[in-house]
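Structure first, commentary second.
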Amino acid sequence: MRLERSSYGNILVIAAGGRVDRVSAEQLGSFLTYEIDAGGRHLVLDLQRVESIGQDGLWEMMSALKRLRRAQGDLRLAQPSDRVRDALEMTGLDDIFRIYESQSDAVASY
């Protein structure tokens, strides 16, 4: 799994790539936790290059979302791949996360 960080003002964009499986989900969770602990409140997770995501990865995303919302922040998703979108829909998480078709739309939503 690859993670790249960029920022637009106070909005942090994290572009993920590869497979988010049991092992790499922990890496994703640690990365999100670090950014939240460092004061990040407006995060966009770009999922365009994620080939697949398992239950552990979805749990890490949900955990980050809960922490951010308690701190008056949010985690928004951008351009999920078809397989990721399927996973979000099957678990009902597409009703919980704000999902955008492009990274720029997700950034502009803040």
Tell me the net charge near residue 94. Cut-off is 11 Å between Cβ atoms, residue 94 excluded, with +1 for each Lys or Arg and -1 for each Asp or Glu.
-1
Which value, in debye to the nearest 20, describes the size of the charge dipole of region 2-108 about its Cα centre when Lys and Arg Cβ atoms bear +1, Asp and Glu Cβ atoms bear -1, and nothing else is charged?
320 debye
Restricting to region 2-108, what percent of DSSP beta bridges are antiparallel, rounded to 5?
30 percent
Residue (of 42, 71, 6) at the positive-pole extreme of the chain, dipole from beta-carbon charges
71
Chain lengthening between residue 48 and residue 69 when straightened (0.36 nm per residue, less Cα-Cα):
5.2 nm
Counting only residues 5 or more places away or on other chains, whose amide H sits under 5 Å from the amide H of residue 8 once H atoms are built in the peptide plane?
13
Within the chain, helix-based [θ] at 222 nm, where runs of 4 or more DSSP H residues each add -39,500 (n - 2.57), nearest 500:
-13500 deg cm²/dmol
Which label in (1) 0.91; (2) 1.11; (3) 0.94 gives the computed Rg/Rh (Cα atoms, Kirkwood Rh):
(1)
Of 63, 30, how do they rank once you tally other Cβ atoms within 10 Å and put the fewest first?
30, 63
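Each value in this text was obtained by applying a stated rule to the coordinates, not by laboratory testing. Because the structure is predicted, anything quoted here is derived from the model rather than measured. Counting neighbours? That spans all protein chains shown, and the Cβs are built from the backbone with ideal geometry, glycine included.
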